[in-house]
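Comments concern the structure below.
The values are calculated or read from the model by the stated rules, or taken from the named source; none is laboratory data. From a predicted model like this one, the values you see are computed outputs, not experimental measurements. We place every Cβ from the backbone using ideal geometry, glycine too, and count neighbours over all the protein chains shown.
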Amino acid sequence: MAHWIVEGNQVILPRDTNQARGLAEVALEFLRGRWGSPDPETLQQLQRFHIDSLVCGISALAWGTNAPWVLRREAERYADHSGPKALLLGSSTAVAAEKAIAANCAAVREWDANGTNFGYRPERGHTAGEFGHNDFYPVVQAAAEQQGADGPRLLRAMLLLDEIRARLAEVFALRRYKLDHVLHGAVASAVVYGAMQGASVPQLESAVGMVVAHYVPYRAIRFGDQLSDSKGASAALSAEAAVTSVHRALLGFRGPGDIFRNPQAVFCLNEPPPKPRQSPFDLVLTVQGSDFAVREMHFKLGLYEHQSAGAIQGIVELLGRHPQLLQGGPEAFQQVQVRIYEPAYGIICDPAKRDPRTRQSADHSLYYIVARLLAKALRGAAPDWSGLMLLPEDYSQQALEDPLTRQLMQRVQVTHGGPEFDARYPEGIPTQVVIQHATAGRVESPLVMFPLGHARNQQGEFFRVLQTKWRRLLAGVVPSPDSLLQRLESVGEAGPEQVRRLYDFPWQRVSFSGLSDQRNCPQ
């Protein structure tokens with residue numbers, strides 16, 4: 001048995017222990033119900049993230065986005081697979097589990113519109129600030145289908161996966177070393193998928209070792225003037241590798257052990273510990289109560305890179321307080337200045353983002369996002385979160401080339417807020433918007449730290465706006481959005497057969513065409 005410490009509602013895996021083995025042991029005990037239950041508010045938050053991910057996923061398929069359809073077509077070739085199988089999203093077709101997971105995770109992630117975290121736990125001193133997203137629920141769903149899990153067990157396993165990947169994001173910032181954040185999700189996927197399959201501790205340790213030793217993704221997938229399918233499919237391909245590693249471990253393949261303390265693996269290699277036989281960090285997991293990582297995760301209320309949410313909040317507040325900004329047309333906007341923090345400044349504000357030509361580039365362009373909001377408002381959309389919500393049609397080829405949006409983009413200037421702003425991240429996403437207007441003069445928003453959807457701003461209108469997002473993404477896609485949402489909301493009471501058929505529901509392609517990446521989907 002690995003050495004781990006129970007401290008209240010948390011389990012500590014010290015840096016001088018075999019943390020891969022510790023993760024395996026804690027996961028098996030957690031799924032067996034050794035500790036008490038998560039509180040109802042935690043499970044409610046988890047269910048909302050789960051619904052959000054599936055709504056994004058089926059919408060991306062319905063719009064014919066490229067990467068999810070390429071991986072779905074690949075997966076359909078494995079319908080006769082003799083090993084573990086799982087359903088494709090929105091289908092009664094079961095295929096090889098790792099291929100279903102790749103296709104389903106790609107669909108969930110494609111819009112880049114579901115939940116995120118920023119790796120911030122100051123009371124523990126764990127503030128690495130790595131990103132992470134709720135992209136990996138299809139991993140747990142596949143295991144649940146195979147093992148006949150009921151709804152409570154499904155949710156418990158999803159909670160554990162989010163807990164592991166988010167706690168890793170708090171203690172190790174992969175991006176500092178040009179590594180992609182999905183590696184944390186891959187580690188968590190291997191642990192939870194394998195534990196649900198009944199893998200032994202040595203088998204789980206081997207699977208995690210294989211993931212870290214063989215399948216480390218680099219941020220090269222996010223580099224370039226115009227982003228590619230690899231950006232959105234990164235989590236999917238890493239989840240596929242994680243599940244494949246578990247299958248191999250279950251068949252007897254032995255991967256490297258004790259991978260977190262391995263001096264040539266990514267953790268110790270990039271952050272050498274001061275003493276031998278240590279990893280660079282202690283790992284602290286919540287196992288009962290309310291202090292789960294999912295409670296500090298953030299929702300996106302539309303299609304945009306989450307680090308632009310502060311600017312969106314600033315625009316919404318200024319338009320609400322100064323309705324005269326919408327008088328005089330686009331020419332009246334002399335300058336729209338956004339002050340923002342690092343790392344957002346380097347990710348969504350670099351010069352290449354001034355001319356996005358693909359959806360994947362536009363949703364990571366603060367210039368485009370701000371200009372599109374103003375264009376929608378000038379055309380009569382209500383100047384609030386629901387009215388200005390960015391949806392798939394806002395990233396169509398027509399929208400990317402829209403003259404009004406392009407005109408407004410030239411008025412957007414972004415500056416780095418400097419140390420004052422940087423010091424406030426990742427507690428919040430500090431942003432300020434200043435508009436110089438021909439008739440309204442100079443107006444500026446307050447410093448935005450916690451925009452709507454942030455974990456510290458989910459009061460008031462938040463849930464109504466989130467539901468609006470769900471219904472708009474499902475409109476024209478499923479026969480009854482409310483029926484599907486009700487089905488997903490009640491998964492916590494579902495029996496094994498209901499869980500097994502969770503992904504089996506009717507849907508259809510939307511009639512709109514014109515996305516920049518509708519190349520390989522069936523018409």
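Can you name every residue in the stretch 331-371 that is among the small types (G, A, S) and not in a helix (DSSP H, G or I)? First the steps, then the outcome.
Here is the first cut: in the stretch 331-371, the residues among the small types (G, A, S) are 332, 344, 346, 352, 361-362, 365, 371.
S365 - this is the single residue of the stretch 331-371 that is among the small types (G, A, S) and not in a helix (DSSP H, G or I).
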So how many residues does the stretch 237-281 have that are more than 22 Å from V201 (Cβ to Cβ) and among the acidic types (D, E)?
2
Hey, can you tell me all the residues within the stretch 144-191 that are among the small types (G, A, S) and assigned to a helix (DSSP H, G or I)?
A144, G151, A157, A166, A169, G185, A186, A188, S189, A190
Can you name the number of the only condition in (1) surrounded by fewer than 24 Cβ atoms within 10 Å (Cβ to Cβ); (2) modelled with pLDDT of 95 or more; (3) on the phi < 0 side of the Ramachandran plot that G148 fails?
(3)
Condition test on P276, is it at pLDDT below 95, of a type outside the set (D, E, K, R) and not in a helix (DSSP H, G or I)?
yes
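Of the residues F30, F49, only one is hydrophobic (A, V, I, L, M, F, W, C) and either in contact with a Cys (Cβ under 8 Å, 6 or more places away or on another chain) or farther than 27 Å from L89 by Cα (or both); which?
F30 is the lone residue from the list that is hydrophobic (A, V, I, L, M, F, W, C) and either in contact with a Cys (Cβ under 8 Å, 6 or more places away or on another chain) or farther than 27 Å from L89 by Cα (or both).
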Among the residues in the stretch 39-48, are any of a type in the set (A, V, I, L, M) and without any contact (Cβ under 8 Å) to a residue 60 or more places away in the chain?
no
Output the residues belonging to the stretch 162-182 that are over 13 Å from the mean Cα position of the chain (by Cα) and aliphatic (A, V, I, L, M).
I164, L168, V171, A173, L174, L179
So is S365 within 20 Å of the chain's Cα centre (by Cα), among the hydroxyl-bearing types (S, T, Y) and within 19 Å of R411 (Cβ to Cβ) or not?
yes
Please determine whether any residue of the stretch 444-458 is surrounded by 17 or more Cβ atoms within 10 Å (Cβ to Cβ) and charged (D, E, K, R).
no
I'm told V246 meets every condition in (1) among the β-branched types (V, I, T); (2) in contact with a Phe, Trp or Tyr (Cβ under 9 Å, 6 or more places away or on another chain); (3) at pLDDT below 95 except one. Can you identify the failing condition by its number?
(3)
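Return a yes/no flag: does the stretch 335-354 have any residue that is among the acidic types (D, E) and without any contact (Cβ under 8 Å) to a residue 24 or more places away in the chain.
The answer is yes, given that some residue of the stretch 335-354 is among the acidic types (D, E) and without any contact (Cβ under 8 Å) to a residue 24 or more places away in the chain.
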Within the stretch 217-258, restricting to residues that are part of a helix (DSSP H, G or I) and of a type in the set (D, E), the one that is surrounded by the most Cβ atoms within 10 Å (Cβ to Cβ) is E240
G83 fails exactly one of (1) in a helix (DSSP H, G or I); (2) in contact (Cβ under 8 Å) with a residue 12 or more places away in the chain; (3) of a type outside the set (V, I, T), namely (1)
Run down L388, L325 and say which single residue is touching a Lys or Arg at 6+ places or on another chain (Cβ under 8 Å) and either closer than 25 Å to I221 by Cα or modelled with pLDDT of 95 or more (or both).
L388
